[in-house]
1. Between Leu291 and Phe155, what is the spin-label point distance in nm, taking each point 7 Å from the Cα along the Cα→C-beta axis?
2. For the chain, what % of the accessible area comes from carbon and sulfur atoms, probe 1.4 Å?
3. Which entries in Lys81/Lys264; Lys130/Lys237; Lys67/Lys264 show an alpha-carbon gap greater than 29 Å?
4. Could you work out the equivalent-ellipsoid semi-axes for the stretch 62-138, taking the square root of 5 times each eigenvalue of the Cα gyration tensor, largest first, in whole Å?
5. Please turn the phi angles of the stretch 58-72 into ³J(HN,Hα) values with the Karplus equation 6.51 cos²θ - 1.76 cosθ + 1.60 (θ = phi - 60°), one per residue in order, whole Hz, x for glycine and proline.
6. How about the stretch 221-292: which GluC sites (Glu not before Pro) there lie in a loop by DSSP and see at most 16 other Cβ atoms within 10 Å?
7. Give the dimensionless ratio obtained when the Cα radius of gyration of the stretch 308-383 is divided by 2.2 N^0.38 Å.
8. Can you run phi through the Karplus equation (6.51, -1.76, 1.60; θ = phi - 60°) for the stretch 13-29 and list ³J(HN,Hα) in whole Hz, with x for Gly and Pro?
Amino acid sequence: MRKINIDRLDMVSFLNGLVFYAPVALLVRTNAGVTMTQFFVLQAILSLTVFLFEVPTGMVTDRIGYKNTLILAQSVQFLAKLLLLAAFVQSSYLLFVSEAIVEGFAACFLSGTQDAYIYSVYQNERYAVKMARVANFGTAGFIVSTMFYVVLYHFWGICALIIATLVACGTGILSVAGIAREPVAKPDMEQENGGIEGSVHEGIVAVFMNLRMVFMVLLASGFTLAFLLINFFYVDKLILCGLPEELMSVIIIAYSAIQMLAEKLLDHLKSTYYRAAMLTSIILSGMVMILFAFSQAVVTVVVIMVLLPLFLSFPAFILDSMQNTHIDQCGQSDKRATVLSIANMVGNLMELVFLFASAYIVTIGVSACFAGAAVLLVASGLGVFLCTRVPKGKMSAPARSGRLKFGE
């Protein structure tokens, strides 16, 4: 039997996935007197915090290091959970606002940092596999907490759910403190001579003044939009097909488990085939999303609901690897967190627009939203594919040198 090697980073991801109150996240607020309008304001505050402070926190990360930032992010996340408990107990909307802001800062510090840490330790060849593995442990934590929340909620109520999540998050601080420190990035010769164009800022700008990076950022925002649609509109599609809302819990657990296959797929795929595999899976995702948008067949809809997250997450991990390689090729490996934070801002902006325009988006309809997202994915995926083509007779060598979702 093959031995399963679980490191501290895997354990941190599992512990952070243990959000026991996630199935009743809305009730945590409404039972404390928060109205639906106030709830969406809280979500907007969280998203706005991330959008405004994503880049500044990325700069801090590049200064203090990835491991130190991961410890800081976990500690800030623990503080956010503590504020959530206090807000629920005291039914204080002001504390809920404070929790949303602190949660936003935790997301800012974590955004790109974990990805950058993994890339710095595992390099390009194993990066995508390790990213998928860490994500799988988070998914496993989510599944476990979803199964146990029923017992905790039935016997001890919402307060017990928050406390259990708080304990898991606090244990995560101890776990992340034990991870190895990342290797020190060695600046390229261009950086030692003043950077690409003579300054750090111009070097970072040069990363984005490139059609390939533009398409990669657009593609990443396409993935963000696709997962937003899944989170918001899967239930609506169930209702349109005449299925009970209660089936959503089963579907969430099913697609979460199947999504974990991304690690195995990446593990058996050579990095030289990443480019073709990413385009193939993006085109498949687009076709499936369009079929999902217009199909009313119950079996077809349910099967797509279960498989689509896997189809989307597989190329998303490859895209992360390509972004990091591009950063290396531009000689900005020591500014990785800053660059990735800037790239993530497009996805954050899309989430903000989605939240503020949710009423209008609903009037457009589920079908049009999924079809539009499919077009964006395929178009930007083709752009990335064409801009990263390998010259004839040459094999691209991966650069050697560590990159969403807010907490529940």
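The values are calculated or read from the model by the stated rules, or taken from the named source; none is laboratory data. If you're wondering where the values come from, they're calculated on a predicted model, not measured in any experiment. We place every Cβ from the backbone using ideal geometry, glycine too, and count neighbours over all the protein chains shown. The accessibility values were calculated without ligands, DNA or RNA, using every heavy atom of the protein model including side chains. Shrake-Rupley method; radii C 1.70, N 1.55, O 1.52, S 1.80 Å.
1. 4.5 nm
2. 68 percent
3. On the way: Lys81/Lys264 33 Å; Lys130/Lys237 33 Å; Lys67/Lys264 27 Å.
Checking Cα-Cα distances, Lys81/Lys264; Lys130/Lys237 exceed 29 Å.
4. Value: 31, 13, 8 Å, ordered largest first.
5. For the stretch 58-72, the Karplus-derived couplings read x, 5, 4, 4, 5, 8, 9, x, 6, 5, 4, 5, 4, 5, 4 Hz, x marking Gly and Pro.
6. Answer by residue number: Glu245, Glu246.
7. Numbers: Rg = 15.4 Å, N = 76, 2.2 N^0.38 = 11.4 Å.
Rg over 2.2 N^0.38 Å, computed on Cα atoms: 1.35.
8. 4, 5, 5, 5, x, 7, 9, 5, 8, 3, x, 10, 4, 5, 5, 4, 7
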